[in-house]
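To keep things clear, I will list the structure first and then write my remarks on it.
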Amino acid sequence: MEILKYTLRKLAGGIPLLLGVTLVSFVLMVYFGPDKTWELLSKNPTAEEIAQVRSQLGYDQPFWVRYGNYLRELATLEFGYSDSTGERVTTILQRTVPVTLALLAPGFVLGIVLGIALGLLAAWHRGGWIDRAVTGLAVVGMSVSFLVVIIAFQLLFGVVLGWFPVRGWNVHDLPSYLHYVTVPTLASVFVALGYNTRFFRAVLVEEMARDHVRTARAFGASPVEILRKNVLMNAMIPIVTRTMFSIPLVVISGSLLIESYFGIPGVGKVTYDAITSGDQPVLKAVIGLTAVMFVGILIVNDILYKFFDPRISLGRTALQ
Amino acid sequence: MSNNDALLEVENLCVEFGDRRGAVRAVDRISFEVEPGRTLGIVGESGCGKSTTSLAIMGLLPRPAGRITAGAIRLSGTELAGLPENRMRRIRGAEMSMIFQEPMTALNPVYTIGAQMSAVVRRHAGLSRRAARRRALEMLERVGIPLAQRRLAEYPHELSGGMRQRVMIAMALSCRPRLLIADEPTTALDVTTQAQVLEQIKALQRDFDTAVVLITHDLGVVAETCDEVVVMYCGRMVERAPVEALFSAPRHRYTEGLIQAIPKIRTRRLTRLPVVPGSVPDLSELPPGCCFAARCAHADTHCLRRQPALERMGPSRVACFHPADAEPVR
């Protein structure tokens, strides 16, 4: 019951945030964005022709009306038609978003899960050779650029070994999916794992040094029980935060890089093309929906906090 | 010095920290016994090894840095030093329990009081969920927590410090251990709560005939609760005496200084409290002689060269060449 109230409050609190974020993205991307007037006009246009085109494009409307239109587009998910292909933007998104999700999900989940597992392993053997080996490899993983990793993996798996395709996305069933998703997944896991392992190791080391861990040992708890109840459950807040907040990063930068290097027709590729060609309807949709996703993630993050930590209450923070 | 009635016997216990290159002896040849129903106090200032001693008994020394290098720890005849971890686990919380200084952080913040207390009794007594819950409730009522039923469903942050320490005591005694180690149980509490918590420990000790090892730096607490006292300095035992003898006739010059430094109501106000001058030497650079010599007004060259052994003096034992109220030894 309390958690329902908390959820509703958080959702309500998300509304002004949503308005603010969409306002900023509207101002930057649409209001001061590319002006298409001159593209649609012939040489030496008259003042009337200019005014006519501007009115067609809706540029003569007042600011708030245009912002309202943008919000309506977001709410109804109707963004008009792409300037470059003439395809309906909603159709483009329906086609490309699932590809991106299918492409990124395995790498994202594996990066987090393996990061926690390796972090736990290193933290448990803190100071020993296992710890030194894991953190050393993590630093190596962190030091290599994503681009280098992508190219190296493409060369290794696609050219030298020839096991997996490294271009395109000809997916129609599970085997073909695994065939195409493996190399991008390996590349993104390789890049994320170093950062994740170091982060989770630091978090878990801190939790292992807590007084209540010593109390649990003093009452005869087994290592497995201590790891589960005292260490992991208390580390859930940083783990959840890290996980939730890496979603936008993975979706934006990950999909942009991976899709363009692997020639995969996902939303990242569409966005990249829209940016280079100034395709405003597509950009509006992508930017607006990314902003909405951010706000959604913030709200889900807060709700998960409440779920994992009983000390979190509405409004005031319960200090120890 | 063996005592057949003793529940806990610690004999020449040595604990070292660090590796071979720079080992520091945090506990140096400590010996004591505690009988059922009795309370032994270990006093000394921070870093003197009193907490390390208690952690060594519980087998909770931080590893791999800390280890027992010599000596014996026997709980009703069972040697605990070097016992494998899985056997120690069955003893901890069941036959001996420990409560800690920081009630605010000693409980797991994300589980309810009831869940944490039940987990202990289920683990050791093999009780069913419901029976464990009943035992937890009964223990909370025994330590005088009002509305105990409701407290079971609460989280540690919803309880005050004194309340949490009582929960710790209830949890520590829920499996009827024969030994309770209390490491500064009242230091973090305000004075009125301190008295209640100490009273609670004493009452339960009487009921269950538990032996208690009380670690503290508060001589007031010692005077009120202990039967026998061990005074530690730099990891060594400098004096061991029944509590009355310790306060009426402190023998070691360090004990004497500690007792003089207790603030009390005096007829004539002092301009400043008497203090023990100087500071504790670094454990890694202990002098060859008596470790207190540098701060002692009675020290001579002999004290600087040789370590005094523990000698009997009336009911007390003291490691000092020039103990208080005595003819010079030499």
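The values are calculated or read from the model by the stated rules, or taken from the named source; none is laboratory data. Remember, predicted model here, so these are calculated numbers, not experimental data. Note that we place each Cβ from the backbone using ideal geometry, even for glycine, and neighbour counts take in every protein chain shown.
Side notes on the structure shown:
- The requirement of being surrounded by fewer than 21 Cβ atoms within 10 Å (Cβ to Cβ), polar (S, T, N, Q) and outside any loop (DSSP other than H, G, I, E, B) is fulfilled nowhere in segment A:215-231; no residue meets it.
- Cβ-Cβ under 7 Å pairs, at least 6 apart or on other chains, segment B:164-193 side farther than 24 Å from B:LEU219 by Cβ and assigned by TED's automatic domain parsing to the domain that holds B:ALA115, far side among the hydroxyl-bearing types (Ser, Thr, Tyr) and surrounded by fewer than 22 Cβ atoms within 10 Å (Cβ to Cβ): B:ARG178/B:SER76
- Leading residue by the ranking (surrounded by the fewest Cβ atoms within 10 Å (Cβ to Cβ)) among those in segment B:45-65 that are in contact with a helix residue (DSSP H, G or I) (Cβ under 9 Å, 6 or more places away or on another chain) and under 29 Å from B:ARG176 (Cα atoms): B:PRO62
- One residue stands out among those in segment A:139-171 that are more than 23 Å from the chain's Cα centre (by Cα), free of Cβ contacts under 8 Å to residues at least 12 places away in the same chain and assigned to a helix (DSSP H, G or I): the one that is surrounded by the most Cβ atoms within 10 Å (Cβ to Cβ), which is A:LEU156.
- B:ILE73, sole failed condition from (1) over 19 Å from the mean Cα position of the chain (by Cα); (2) more than 9 Å from chain A (Cβ to nearest Cβ); (3) among the aliphatic types (A, V, I, L, M): (1)
- Yes/no for A:LEU74 being closer than 14 Å to A:THR197 by Cα and either among the hydroxyl-bearing types (Ser, Thr, Tyr) or surrounded by 14 or more Cβ atoms within 10 Å (Cβ to Cβ) (or both): no
- Residue within segment A:180-194 that is part of a helix (DSSP H, G or I), in contact with a Leu (Cβ under 9 Å, 6 or more places away or on another chain) and farther than 19 Å from A:LEU103 by Cβ present: yes
- Of all residues in segment B:250-265, those satisfying the criterion of being surrounded by 22 or more Cβ atoms within 10 Å (Cβ to Cβ) and either part of a loop (DSSP other than H, G, I, E, B) or touching a strand residue (DSSP E or B) at 6+ places or on another chain (Cβ under 6 Å) (or both) are B:PRO250, B:ARG251, B:HIS252, B:TYR254, B:THR255.
- Restricting segment B:78-97 to residues that are touching a residue at least 12 places away in the same chain (Cβ under 8 Å), within 8 Å of another protein chain (Cβ to nearest Cβ) and among the charged types (D, E, K, R), the residue that is surrounded by the most Cβ atoms within 10 Å (Cβ to Cβ): B:ARG92
- A:ARG311 vs. criteria within 14 Å of chain B (Cβ to nearest Cβ) and either part of a loop (DSSP other than H, G, I, E, B) or under 30 Å from A:PHE190 (Cα atoms) (or both): yes
- Filtered residues of segment B:98-116 (kept if facing another protein chain (nearest Cβ under 7 Å) and either hydroxyl-bearing (Ser, Thr, Tyr) or touching a residue at least 60 places away in the same chain (Cβ under 8 Å) (or both)): B:MET98, B:PHE100, B:GLU102, B:MET104, B:THR105, B:ALA106, B:LEU107, B:TYR111
- A:LEU249 vs. criteria within 14 Å of chain B (Cβ to nearest Cβ) and within 22 Å of A:LEU110 (Cβ to Cβ): no
- With respect to the conditions (1) within 11 Å of chain A (Cβ to nearest Cβ); (2) over 29 Å from B:LEU40 (Cβ atoms), B:LEU127 falls short on a single one, namely (1).
- Flag if B:ILE145 is touching a helix residue (DSSP H, G or I) at 6+ places or on another chain (Cβ under 8 Å), buried (at least 19 other Cβ atoms within 10 Å of the Cβ), at pLDDT below 90 and in the same structural domain as B:SER54 (by TED's automatic domain parsing): yes
- Tally, over segment A:154-209, of residues that are basic (Lys, Arg) and farther than 16 Å from A:GLU259 by Cβ: 2
- Selection within segment A:193-246 - more than 11 Å from every other protein chain (Cβ to nearest Cβ) and of a type in the set (Gly, Ala, Ser): A:GLY194, A:ALA202, A:SER246
- Any hit, segment B:7-15, residues being more than 18 Å from B:THR216 (Cβ to Cβ), more than 10 Å from every other protein chain (Cβ to nearest Cβ) and in a loop (DSSP other than H, G, I, E, B): yes
- Here B:ALA119 does not fit the description of being surrounded by fewer than 18 Cβ atoms within 10 Å (Cβ to Cβ) and either hydrophobic (A, V, I, L, M, F, W, C) or within 8 Å of chain A (Cβ to nearest Cβ) (or both).
- Residues that are within 14 Å of another protein chain (Cβ to nearest Cβ) and modelled with pLDDT of 85 or more were ranked within segment A:281-308; the one that is surrounded by the fewest Cβ atoms within 10 Å (Cβ to Cβ) is A:PHE308.
- Filtered residue count, segment B:136-168, keeping only those that are part of a helix (DSSP H, G or I), within 28 Å of the chain's Cα centre (by Cα) and away from every other protein chain (no Cβ under 14 Å): 7
- Enumeration of residues in segment B:185-243 that are within 17 Å of B:ALA106 (Cβ to Cβ) and part of a strand (DSSP E or B): B:LEU214, B:ILE215, B:THR216
- Test for A:PRO265: is it more than 14 Å from chain B (Cβ to nearest Cβ), under 18 Å from the mean Cα position of the chain (by Cα) and surrounded by 22 or more Cβ atoms within 10 Å (Cβ to Cβ): no
Yes/no matrix, rows are residues, columns are (1) within 36 Å of the chain's Cα centre (by Cα); (2) surrounded by fewer than 14 Cβ atoms within 10 Å (Cβ to Cβ); (3) within 28 Å of A:THR276 (Cα to Cα):
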position: A:TYR6; (1), (2), (3): yes, no, no
position: A:ALA12; (1), (2), (3): yes, yes, no
position: A:PHE32; (1), (2), (3): yes, yes, yes
position: A:LEU41; (1), (2), (3): no, no, yes
position: A:ASN44; (1), (2), (3): no, yes, yes
position: A:ALA47; (1), (2), (3): no, yes, no
position: A:PHE63; (1), (2), (3): yes, yes, yes
